């Protein structure tokens, strides 16, 4: 499906892309040190912290539109509530410790506490957890909708354009572009809801035009399905983006307060996006549109051209803010935590640039092979949360830390178990695009169980 854009719809998008490139390429730091390129010199202020965390952690905007169109307010239960809870816990218990640790990355912490093998294993796992594949896929969907070009070409072009300025400015470029993207993401949805509310009415209109299940907390989904997404939200604790921003903050207080304030902004934005998704389902009958494209089609259909262009720009900004950040994190893992460690090289920036090319290439391939945002999230989360969750928590809470050999064994065994159950699901699923868990069992459950058992056994044998 494609749409034909009015010139006034194209203008805001074009202006945004030009502005992003200018800001990104003018964001190079004063030196080429690792701390500068990876953490922006550890000078992140509270407003910048909030802007970059809010935008980066909300890149899955088309997935949110898809889920709300299909299941209604259950979107808030799946993609809102558990993330608020875990983010608040992160702010209280982890953020100050991360800021004070002075480590540049999660794998660097693993090298310190779990030795060379633990560090290498942590680098591999962190690389995959930060792959921007689902967000690159969303950029590709938008470009395909607008241009009509082949999806694979749109995915490739979107990936290149979303990451190119990171090669020059590193984390500083990401933060400065995030400030503009923060404004655009809120403005776009505020404009959309203002127009739809004035044209069709508010809550009363939605109640009379939505299926009953769309107004239920479960959306018709089973409890086990919703619980699996609750466990996916544990991603918050292992997310390198959270760790990077806490490490880059000027003080522990900024790291803690920044996350708590971000939760309030996520709550407001969830209200905006869920409401927009409900309007999409009320206005478009089931099967009338592709659910993943419900937001851009809604804006194009019901907004005047200039405002539609502003809304499309907000969507693009929301996604690109996550693509550039995750691409940088993946690149840091390869360049700084793997190649830099093995070579003993101080040329971090250039090694990270090489890592960026590798990360983008793998992400593009994954996005082409599995053209479903939700399925990519499920696969990555179910495989890589189990081996990373307890080792990361144990870094900052020594009482939870067994001897290093047990931690390494936990990472390896829980990873293999999760992959095994994932492969069972892939074998029994109709296709990659219709992935289903084997016997309804999320791979994360046996993977986490193995990790907990090995940690417990290690703690019993700690001297």
Of the listed residues (255, 292), the one being buried (at least 19 other Cβ atoms within 10 Å of the Cβ), within 24 Å of residue 132 (Cβ to Cβ) and modelled with pLDDT of 95 or more is 255
Residue 435 vs (1) surrounded by 21 or more Cβ atoms within 10 Å (Cβ to Cβ); (2) in contact (Cβ under 8 Å) with a residue 60 or more places away in the chain: all pass except (1)
Exercise for the section: Kindly establish whether residue 223 is modelled with pLDDT under 95, under 20 Å from the mean Cα position of the chain (by Cα) and closer than 19 Å to residue 75 by Cα. Expected result: no
The one condition residue 55 fails out of (1) over 26 Å from residue 206 (Cβ atoms); (2) surrounded by fewer than 23 Cβ atoms within 10 Å (Cβ to Cβ); (3) under 20 Å from the mean Cα position of the chain (by Cα) is (2)
Only one of 395, 383 is closer than 14 Å to residue 443 by Cβ, more than 15 Å from the chain's Cα centre (by Cα), crowded, with 20+ Cβ neighbours inside 10 Å and not assigned by TED's automatic domain parsing to the domain that holds residue 65, namely 383
Within the stretch 297-348, residues in a helix (DSSP H, G or I), within 20 Å of residue 169 (Cβ to Cβ) and more than 23 Å from the chain's Cα centre (by Cα) come out as 340, 348
Here the residues within the stretch 202-231 that are on the phi > 0 side of the Ramachandran plot and surrounded by fewer than 15 Cβ atoms within 10 Å (Cβ to Cβ) are 220
Looking across the stretch 137-159 at residues that are assigned to a helix (DSSP H, G or I) and loosely packed, with under 15 Cβ neighbours inside 10 Å, the single one that is modelled with the lowest pLDDT is 147
Only one of 166, 195 is modelled with pLDDT under 95 and either surrounded by 23 or more Cβ atoms within 10 Å (Cβ to Cβ) or assigned by TED's automatic domain parsing to the domain that holds residue 303 (or both), namely 166
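The values are calculated or read from the model by the stated rules, or taken from the named source; none is laboratory data. The structure presented is a predicted model; accordingly, all values stated were derived computationally and were not measured. Every residue, glycine as well, gets a Cβ built from its backbone with ideal geometry; the counts of neighbours run over all protein chains shown.
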